[in-house]
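First comes the structure, then the notes that go with it.
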Amino acid sequence: CTKRYTDQENIESAFLVKKTRGNIVRLNMIFRFGTEKLMNGLDCALELVPSLMMRGTKRKSYQIIEDQIDQLQSTLDLFGGIGGLCVSIVSDSDNIYKVVDLLREICQEPKFNKEEFIVVQTQKIASLKESLQDPWSLGLNELEQLKNPWPKASIHRTRPIKEKIKILEHISVDD
């Protein structure tokens, strides 16, 4: 039996209902956006967008979003980067629609304010600097560069970690 759902913005979804342990629902989505030309030079900035989206909407602060997810006994994770936003939700069947509605608000009404941008930017830079001390991360980054030898100007190119850090240190919320 397929359940159909239409949210406040007329975005339609269909869910195939089947028995699960504990009525747990796992939902994974990928939203694709942009063109190569439009995203050129923005790859590092776009990596911050999913985390920044979770930091607040026009109506809800980061803490309110986190509290609402906890209250719904669910998880909502956003990740991605250039050209795509990946969403992972784990909830129960009673709360899945509420979590999807929260996701709609996060995606349609993000509040990209400067303070939250600085938090996300600082966290990303710290994580990258930490990876400079990790042989596994360095090796993986080097392998990705060798596997995908795109021209320097390509959005598909894997940047060296130090180059990413340098770019991230100089971007702003307006980028």
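The values are calculated or read from the model by the stated rules, or taken from the named source; none is laboratory data. Quantities reported herein were computed from a predicted structural model and do not represent experimental measurements. Don't worry about glycine lacking a Cβ; one is built from the backbone with ideal geometry, like all the others, and counts go over all protein chains shown. For accessibility, only protein heavy atoms count, side chains too; no ligands or nucleic acids. Shrake-Rupley method; radii C 1.70, N 1.55, O 1.52, S 1.80 Å.
Calculate what fraction, in whole %, of the accessible area of the stretch 106-151 sits on carbon and sulfur atoms when a 1.4 Å probe is rolled over the protein chains.
Accessible surface attributable to carbon and sulfur in the stretch 106-151 totals 60 percent.
For the stretch 102-175, what are Rg and Dmax over the alpha carbons, in angstrom?
15.2, 40
Among Thr57, Ile106, Ser88, flag the residue with its Cα farthest along the positive direction of the charge dipole of the chain, charges on Cβ as +1 for Lys/Arg and -1 for Asp/Glu.
Ser88
Determine the per residue accessible area of the chain with all protein chains present and a 1.4 angstrom probe, expressed in square angstrom. Don't skip to the end; give the middle numbers.
Values: 11420 Å² over 175 residues.
Accessible area per residue: 65 Å².
Rounded to whole Å, give me the distance from the Cα center of the stretch 118-175 to that of the stretch 35-110.
After rounding, the separation between the Cα centres reads 22 Å.
Ranked from highest to lowest mean number of other Cβ atoms within 10 Å per residue, what is the order of the peptides 80-86, 24-30?
The peptides rank, most packed first, as 80-86, 24-30.
Before anything else, pin down the relative contact order of the stretch 52-167: Cα pairs under 8 Å, at least 6 apart, normalised by residue count, whole percent.
22 percent
For the stretch 17-99, which chymotrypsin sites (Phe, Trp or Tyr not before Pro) pass both filters: DSSP loop (anything but H, G, I, E, B) and at most 13 other C-beta atoms within 10 Å?
On the way: sites: Phe31, Phe33, Tyr62, Phe79, Tyr97; in loops: Phe33.
Answer by residue number: Phe33.
What lysines could a cross-link reach from Lys162, if we take a straight Cα to Cα line under 27 Å and drop same-chain neighbours fewer than 8 places away?
Leaving aside lysines fewer than 8 places away in the same chain, those within reach of Lys162 are Lys37, Lys114, Lys124, Lys129, Lys147, Lys152.
May I have the convex hull volume per residue, in Å³, for the Cα set of the stretch 1-93?
Details: hull volume 11.7 nm³, N = 93.
It is 125 Å³ per residue.
Order the peptides 125-133, 45-53 from the highest to the lowest mean number of other Cβ atoms within 10 Å of their residues.
45-53, 125-133
Given a 10 angstrom Cα cut-off, can you work out which residue in Thr57, Thr122, Thr35 is the most mobile in a GNM of the chain?
Looking only at Thr57, Thr122, Thr35, the largest GNM fluctuation is found for Thr35.
Tally Lys/Arg at +1 and Asp/Glu at -1 over every other residue whose Cβ is under 12 Å from the Cβ of Glu47; what's the total?
With Lys, Arg at +1 and Asp, Glu at -1, the net is +1.
Picking from Lys18, Lys58, Lys111, which is most flexible by a Gaussian network model of the chain using Cα springs under 10 Å?
Greatest mean-square fluctuation among the candidates belongs to Lys18.
If the cut-off is a Cα-Cα distance under 18 Å, which aspartates and glutamates reach Lys19, setting aside same-chain residues fewer than 8 apart in sequence?
Asp92, Asp94
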